[in-house]
Structure formats: C-alpha cells, structure tokens
1. Of a type in the set (D, E), farther than 29 Å from T303 by Cβ and outside the structural domain of I405 (by TED's automatic domain parsing): which single residue out of D216, D244 fits that description?
2. Sort out which residues of the range 154-183 are among the acidic types (D, E) and part of a helix (DSSP H, G or I), and write them in order of number.
3. Test of understanding: among T198, T186, which residue is among the β-branched types (V, I, T), farther than 30 Å from K319 by Cβ and away from ligand 3 (no atom under 16 Å from the Cβ)?
4. Looking at the range 118-134, is at least one residue within 13 Å of ligand 1 (Cβ to nearest atom), open to solvent by 10 Å² or more (accessible area, probe 1.4 Å) and modelled with pLDDT under 95?
5. Limited to the range 268-286, what total is found for residues that are out of contact with any Ser or Thr (no Cβ under 8 Å at 6 or more places or on another chain) and either open to solvent by 90 Å² or more (accessible area, probe 1.4 Å) or not in a loop (DSSP other than H, G, I, E, B) (or both)?
6. For the range 159-184, name all the residues that are within 16 Å of ligand 2 (Cβ to nearest atom), open to solvent by less than 20 Å² (accessible area, probe 1.4 Å) and either of a type in the set (D, E) or over 18 Å from G402 (Cα atoms) (or both).
7. Take the residues of the range 329-359 that are in contact with an Asp or Glu (Cβ under 7 Å, 6 or more places away or on another chain) and either assigned to a loop (DSSP other than H, G, I, E, B) or not assigned by TED's automatic domain parsing to the domain that holds D216 (or both): which is surrounded by the fewest Cβ atoms within 10 Å (Cβ to Cβ)?
8. Is it the case that some residue within the range 287-294 is under 24 Å from S401 (Cβ atoms) and assigned to a helix (DSSP H, G or I)?
Amino acid sequence: MIDPKSYIEEHKERLLEELFSLLQIPSVSADPAYKDQVLEGAQSVAQFLSAAGLENTKIHSTQGHPIVYADKIINPELPTVLVYGHYDVQPPDPIDLWDSEPFNPVIKETEIHPEGAIFARGACDDKGQMFMHIKAIEYLIQTDQLPCNVKFMIEGEEEVGSNNLVPFVKENKALLENDVILISDTGMIAKDTPSITTGLRGLSYVEVCVTGPNRDLHSGLYGGAVANPINILSKMIASLHDQDNRICIPGFYDRVEELSAAERAAMAKAPFNLSDYEKALDIESVYGEKDYSTNERNSIRPTLDVNGIWGGYIGEGAKTVIPSKAYAKISMRLVPNQNWEEITQLFKSHFESIAPKGVRVSVTPHHGGQGYVTPTHHRGYMAAAAAYKQSFGKEPIPQRSGGSIPIVALFEEVLGSKSVLMGFGLDSDAIHSPNEHFGVWNYLKGIETIPYFYEHFTALNS
Ligand code: BES
Ligand code: MN
Ligand code: MN
C-alpha cells in the first residue's frame, strides 16, 4: 500500500477546507426551522461521495430528513464494508457559551490539541468523523488501491433517534448487504492510547408529567392544603435511587449482564486518572453506584438521569404560586440484554404506582434502543486492531462506551452484521456542548488509519 501519510500531507489544506464547508451548514435535525439546511447537508455529503469516486450516489428522501447512499462494487466475490455515519448535528444552544460561531469553523490550539482543533458544532459528532471515511475512500480510489467493495449510508436523524432509518434498513436489505459495518461516531481513550469501542449502551427516554389542581393557585390561600406537583415530582424522582445509588424500579436489574471478575480486571487496566477526571470537571468527587469504579459506572452499568425539569414560576422576581403541573425528561442508559421497551414499561408502571393521592401522573415514552457489543474475536475487530497497530504503533485497548447509537443493534438484527466502532474523538471534545471541537491531529490520524482497516479486513476474509 502506498503510504496514506504522504497523500494526507500533500492534500492537508484541502482535507480541512472541505470539512469546513460541510461544518458551515447548520444541519440541526431536532429543529424544524432548519429543514432546508439539513437537506443542504445531505446534498453536500452526496457531492463529496461522488467526488471521492463512489458511484450510485443517491439522496433517499424519507418522512423526515434524507439518507445519503453511495457505493463502489469492484468485485462481488470480495468482502463489502458498509460505512455508517450521520450528517445531522445537535442544536448549538446555549449559543452564548460559544467562544466562536458554531457554524463558522475555526482552528484553535488547546492544551490537549497543540496541533490545533476545529471548533464547530458537528466537528467531532459526527461530520468530522464521518468525513474521515469519505476522504480515506477518496485516497483508496484515487490511488487505485481499494481492496474490496464499499457502501456508504449517511443519515440525517441520528441525533433525534433515527426513526426513518429503521424502515429504510428493513426495506433495503439487499442494497445494504455487507460483511461488516464500519462507524466512527465514538471516541478513543487518549491520543497516545488508541482504543476501539466494543460496546454501546441502550437507551429509554421518557417524559413525565405530574398534575395537581386544575389551575395555578395562590400559594398562601391553598398552600398546605393541596399537593404541589413540583414537590411531589421531586419526591418521586428522589425515590428512584437508593442510598447506594442503585435504581429502585422493580425488575430494572433483572437482565443486566454482570461482567466476570476477569472482565472487570481487564477493564481496570485501561489508563485512567481519577483526580485528573475530577479536575477536568471541577468536581470535588465523583458520585455513583456503590461497589463500581467510575469507568464501570459510565459504561457497563445502567443509569437513570433527569435531563430537564420544569414547572411553576421561573421568571424575574418572585411569584407566590402552586403550579398545576410539573414536568421532567428522564433518560435511562441500558446495558446489553436489557430490553428498552420492557424497561420503559417497568418505569411507567412503577412511576405511576408511586404517585400519591392528590396528583395524576402520566409517562410518555419518547424513543429508545438496545445496547450493543462487538466481540474482540470478530474479524472486523481484528482488522481494526491491526489498522491501529499500523498507524499508532500500539495495540488498541477494547473499551465499552457509555454513549448510545441505537441503530447499531438494529443493524445486527436486520442485516445480521456486526459493527466496528473506530472512534477518534476525545471525551474532552465537548460533543453536544458549547465549543465542540475535533483535533486536527485526530482527524488526519483517522484518515490514515481507515485505509489500513480495508487492507486488513480484505486479507482476513481471503
Ligand atoms: N455519537 C453519539 C454517541 C456516542 C458518543 C457514543 C461518544 C459513544 C461515544 C451520538 O451522536 C449520540 O449523541 N447519541 C445519543 C443517542 C441518540 C438516540 C440521540 C446519545 O448517546 O445520547
Ligand atoms: Mn454521533
Ligand atoms: Mn450525538
């Protein structure tokens, strides 16, 4: 293989400029006001796929945002890699907390990224990481070295639950047939510690509403005599965890996969510095489930978190009022074997059962998905490990992530294939937060490592 490093060095400016042009498009999938810009994002991705040398590029419209497909089939006898990624991004809010414009990418140096990092919404999640694949394939095609078949499927609704990708995958099984799915939408431990994500958590997301009296009341005239929905909701939420920070929903842990002592010992070997972790977050101490380490708590253990809570008067000054309603959005991160629909039901029954007389409670499920695991003996994992070895000079560490990409479990169910999660982002890259960024070094390292994956995966299959 011709060294991808010299190609990257030669084209470095263009590799950055092209990514910048994609980052300038505010493809926010959650907000209907950005519908046209999301479409523009899809068109830009389609153009870059064709320009890289891929064929059959098509923008599939859906009931929501479009899905971009392209492929290059060089020989049906050879293995096929399906690349998945997303061009939609999270809303940039709160905008005030950005040091630069979220859709006007700039390169700035940081302590962790002395070579510079690209600051923009989507820089890391997932435009930057998805773009590495387009550029890696461009390199392979343009230098006549593509060793196997490749298909791309880039969606525009990952950040809102991939609702329209589900029927698309089910209806296009033949089109999407593959030997492995390759995704860069996760992270790695550190720049000098390559890692491959071997697991994702599942998710159950619900919204709850507690209703008390039929209207907001004077808190003096009625206070003490009727249930205050915010007081009640707070009590109910507080009761969902016990003293040891375990979740108190009957049946919640029934299917949780318990890792063996050996697996936990292997996990504990990954480099991790607790005081650096606490310092980076400006907290005195970590907090979580008793008898589990921080890395276990945020990857192999399920969680329940309130994401937002509102009700009553929150304007300037004071208003003496007992609100009629109180709301919260609650997410549960799930681990392999837990079924998100079952967990949603368990939550609903439990939450309704703990409501005291005097209020009514409703639970509305939002979306969810199953957890996922890639075994380290899978050919895809082995090819990825060999690729990292080649570009980093080090064996990568397998690591389960706490994040979720719900469609990955569905890929396995419907297409029968495993996904390999080659993430190049860092936890400190602030995805979903103000000042999201992606290291220039990480971006280029990804473009260098991905071609090796194709080479090793093809070799392992022959
Ligand atoms: N790319 C992330 C997921 C991720 C990030 C996994 C880092 C592992 C490491 C993805 O775009 C995302 O944000 N997923 C959502 C779920 C989705 C249904 C909105 C999440 O994890 O909250
Ligand atoms: Mn993502
Ligand atoms: Mn995301």
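The values are calculated or read from the model by the stated rules, or taken from the named source; none is laboratory data. No experiment lies behind these values; they were computed from the predicted model shown. FYI the Cβ positions are ideal-geometry reconstructions off the backbone, even for glycines, and counts take in every protein chain you see. Surface accessibility is based on the protein's heavy atoms, side chains included, excluding ligands, DNA and RNA. Shrake-Rupley method; radii C 1.70, N 1.55, O 1.52, S 1.80 Å.
1. Matching residue, one of D216, D244: D216.
2. E158, E159, E171
3. T198
4. no
5. Residues in the range 268-286 being out of contact with any Ser or Thr (no Cβ under 8 Å at 6 or more places or on another chain) and either open to solvent by 90 Å² or more (accessible area, probe 1.4 Å) or not in a loop (DSSP other than H, G, I, E, B) (or both): 7 in total.
6. Matches in the range 159-184: S162, L165, I181, L182.
7. N337
8. yes
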